[in-house]
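The values are calculated or read from the model by the stated rules, or taken from the named source; none is laboratory data. Just so it is clear, the structure is predicted and the values come from calculations on it, not from any experiment. As a convention, Cβ positions derive from the backbone with ideal geometry for all residues, glycine included, and neighbour counts pool all protein chains shown.
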Amino acid sequence: MILYKNDIAKLKEIISSHTKTFLLLDENSEKYCLQYFNTIDLLKSNTIKIVIPAGEQHKNIETVQYIWSQLVENHADRKSLLINIGGGMVTDIGGFAASCYQRGIDFINIPTTLLGMIDAAVGGKTGVDFQGLKNQIGVFSQPLAVVILFEFLETLPKRELLSGLAEIIKYGFIVDKTFLEAKLTYPIYPEYIEKAIEAKDEITLSDTTEQGRRKILNFGHTVGHAIETYLIDNHQEMRHGEGVALGMVSALYLSEKYCNLDHKITLYYKDIYAKNFNRFDLNDISVGELLEIMRHDKKNQDGDIRFVLISDLEKPVYDVVVNPEDIVDSINYIVDYLRDENYWGK
């Protein structure tokens, strides 16, 4: 269930039907977003707050254990409700904690970032990182509701908004090419966000456990996740959407080879990327380590690394087995692109 600001009465009804309400926030959402809920008189006076550190490095089992300990100490029962307020890290870890506590309690996601609104909070994927691998431990579990409040976008820096923009652009390749026009807007207008949420909601409800069509949402993620993980492990900063934005360069390169994609589409996207996203220096990146990270990708089967590619705009192809040599070539293609002064100027 997707709710917006005009659905607050419905949200209050859901909250009131539970014995206890717990709020999960990270340090950022507590600082910038919590006060908003007091202005709309949403929370009960006895609502219990659980605050965790901000950042992907805290999306781990230790943080989940802390959440569980707070639920136990405050006598949460099976009729309790956990409301996750924050970006994708909070909704992922909160959904996982709720889904396992006493074999499952209800939870609601209230994403406060653009990326969270259109990606992490919608679709029922929950999880934590494990041994340096993103979302390696988790379950599919649908929230009671996802609440979209556009006011929170006003608290975000431009880089965070553009990280979400990458996921919006992704839908232009796999669902509806008009999403590619989102590159022309800043701030991101609500109609693009609502269309992206509707697209993801429809896809995920048709394939809740990612056995088929839902896999198309991973376009750009195989190499993108690997780059993001590698840089974070080496103490460099990269947003999830920035990794996906680069991963789509790789996916389009491979789509030309495996699905006969027109090279003009790849060139078109490279222009979009250069106008919107950061120029990372990947000259010293370890391709071997990236391949090792990709070998643990959850989409793989029988040791094969599988990609989502496209044969044309709006024509995704999933479960494409790509040999390691071509993956290496696609990574080198990204590195060469980022060095190409024709795109970036001198």
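Some points to look at:
- Filter result for the condition that a residue is assigned by TED's automatic domain parsing to the domain that holds Ser311, within 14 Å of Pro316 (Cα to Cα), of a type in the set (Val, Ile, Thr) and not in a loop (DSSP other than H, G, I, E, B), over Ile168, Ile216, Ile197: Ile216
- Checklist (1) in a helix (DSSP H, G or I); (2) over 26 Å from the mean Cα position of the chain (by Cα); (3) within 23 Å of Thr126 (Cβ to Cβ) applied to Glu13, failing item: (3)
- Checked against (1) surrounded by 24 or more Cβ atoms within 10 Å (Cβ to Cβ); (2) not in a helix (DSSP H, G or I), Met248 passes all but a single condition, namely (2).
- All conditions in (1) of a type outside the set (D, E, K, R); (2) surrounded by fewer than 22 Cβ atoms within 10 Å (Cβ to Cβ); (3) closer than 20 Å to Ile232 by Cα hold for Tyr101, with the sole exception of (3).
- Subset of the range 251-281 that is at pLDDT below 90 and part of a helix (DSSP H, G or I) - its residue that is surrounded by the fewest Cβ atoms within 10 Å (Cβ to Cβ): Lys275
- Within the range 48-76, residues that are crowded, with 18+ Cβ neighbours inside 10 Å reach partners that are among the aliphatic types (A, V, I, L, M) and in a loop (DSSP other than H, G, I, E, B) with beta carbons closer than 7 Å, at six or more positions or on different chains, in the pairs Ala76/Ile105.
- Test: residue in the range 172-182 that is crowded, with 18+ Cβ neighbours inside 10 Å, hydroxyl-bearing (Ser, Thr, Tyr) and assigned to a helix (DSSP H, G or I): no
- Among helices (runs of 4 or more DSSP H) entirely within the range 20-93, having at least 2 residues that are closer than 19 Å to Asp129 by Cα singles out 61-73.
- Screening Glu202, Glu191, Glu210, Glu237 for residues that are in contact (Cβ under 8 Å) with a residue 12 or more places away in the chain and either in the same structural domain as Val175 (by TED's automatic domain parsing) or not in a helix (DSSP H, G or I) (or both) leaves exactly one candidate, Glu210.
- Remark: pairs (first residue in the range 325-339, in the same structural domain as Ile305 (by TED's automatic domain parsing) and of a type outside the set (D, E, K, R); second residue surrounded by fewer than 16 Cβ atoms within 10 Å (Cβ to Cβ) and not in a helix (DSSP H, G or I); Cβ separation under 8 Å; 6+ apart in sequence or on different chains) = Val335/Asn283; Leu338/Arg279; Leu338/Asp281.
- Members of the range 282-323 found to be assigned to a loop (DSSP other than H, G, I, E, B), touching a helix residue (DSSP H, G or I) at 6+ places or on another chain (Cβ under 9 Å) and either among the β-branched types (Val, Ile, Thr) or within 21 Å of Leu261 (Cβ to Cβ) (or both), listed by number: Ile285, Lys299, Ile305, Leu313, Glu314, Val322
- Pairs are defined by a Cβ separation below 7 Å, a sequence spacing of at least 6 or placement on different chains, a first member in the range 125-145 that is surrounded by fewer than 21 Cβ atoms within 10 Å (Cβ to Cβ), and a second member that is of a type in the set (Lys, Arg) and at pLDDT 90 or above; no pair meets this definition.
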